[in-house]
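Here's the structure we're looking at; comments come further down.
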Amino acid sequence: MHKIRFAIVLAVLIGGAALATLGPNDGRVNLSSILALWSDAARDTDQIGMRLTRLKDADEMRIGADLAPTVLAWAHEDAATSAYVADVAQPLLPNLRRPGIHYTFHVIDTPDINAFAMPGGQIFVTTGLLGFVESEAELAAVLGHEISHVDLRHCVERFQYQYRLKKAGMPVAGWMVETAHRLATMGFSPYQESDADLAGERLAIEAGYDPDAAATLFERMKTHFGEQSPDRATTPESEVEEAVGTAIGSYFRTHPPSGDRARQLNEMVAQHQRELKGRSFYVGRQNIQQHVPRSRQQFPGEFRTL
């Protein structure tokens, strides 16, 4: 399947290269629509096999319940902070596509700035990330993103083939531990990250959290991790070269650049500016500092009106 998807990517880009070199060059080079085609092609190709091996919600939650202890064996869980994170997540859950999934939230004690999701609604957040976010709205954006990976079936689709083999009696040595490690340490595809960003942003906005929080967080991550923005191509030939490099690199990259993710979220908010204008949204800087959820206390001065 990966070879098929990669062939589609190259075909799209080669076709785009031919188009880009035709016609007058006005200096405004842009192959973003072609790169969007690669994302759509990859998404469609992935879904063919995924539907054939799709698991029921109950099976997925049972798998998640079996996987979670293998992660918790690596790092101590902070029960009190886990309860706070679960409280923050509650307003995000009513607007999910898959109401049959029940979510469990864990905070594990590690300085790494990270969060990840496992099948069946098992969501993990590190103490390092809790120390990095500056508002409850930013935490809600992270949780919305991870919840969306479950809601959109990204988590379970990453290993449901192996699960079917296991159910059929095929020998899979160390299947449970290996799967848990892969889910915790490997990223999703770039288009899945993009889909989860947008879906998570929608959940956070519908829950009443600041729409700008996610983009602000990604911009800060970009600075913190020293991510560099690529130079803008100025000719059709250089843009084609950049586009091919981006697509190939994205195929192996676990996460799109934080700057790109922030820009995509800002564009989403701008597209919905009319319906968001005049509404008040919660930020929650004091909430994150005190680990007191908004559902229990809303502090003065924590609302902003768009």
| message | Go through region 227-278 and report how many residues are modelled with pLDDT of 85 or more and more than 23 Å from TYR191 (Cβ to Cβ). | response | 6
| task | Would you list the strands (runs of 3 or more DSSP E) that sit entirely within region 35-152 and hold 3 or more residues that are closer than 30 Å to PHE281 by Cα, of a type outside the set (A, V, I, L, M) and modelled with pLDDT of 90 or more? | result | 104-108, 122-126
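Take the residues of region 255-278 that are polar (S, T, N, Q) and surrounded by 14 or more Cβ atoms within 10 Å (Cβ to Cβ): which is farthest from ASP210 (Cα to Cα)?
Step one: of region 255-278, the residues polar (S, T, N, Q) are 258, 264, 266, 271, 273.
In the following step, the residues that additionally are surrounded by 14 or more Cβ atoms within 10 Å (Cβ to Cβ) were identified as 258, 264, 266.
Numbers: SER258: 19, GLN264: 16, ASN266: 12 Å.
Residue satisfying both the conditions and the ranking: SER258.
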| field | Filter pass, PHE281 being surrounded by 16 or more Cβ atoms within 10 Å (Cβ to Cβ), assigned to a strand (DSSP E or B) and modelled with pLDDT of 85 or more | value | yes
| So which pairs qualify, if the first residue must be in region 272-299 and in contact (Cβ under 8 Å) with a residue 12 or more places away in the chain, the second must be among the small types (Gly, Ala, Ser) and surrounded by fewer than 12 Cβ atoms within 10 Å (Cβ to Cβ), the Cβ gap must be under 8 Å, and the two must be at least 6 apart or on different chains? | HIS291/ALA80
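The values are calculated or read from the model by the stated rules, or taken from the named source; none is laboratory data. Not measured: the values here are computed from a predicted model. Glycine also receives a Cβ, built like all others from the backbone with ideal geometry; neighbour counts cover every protein chain displayed.
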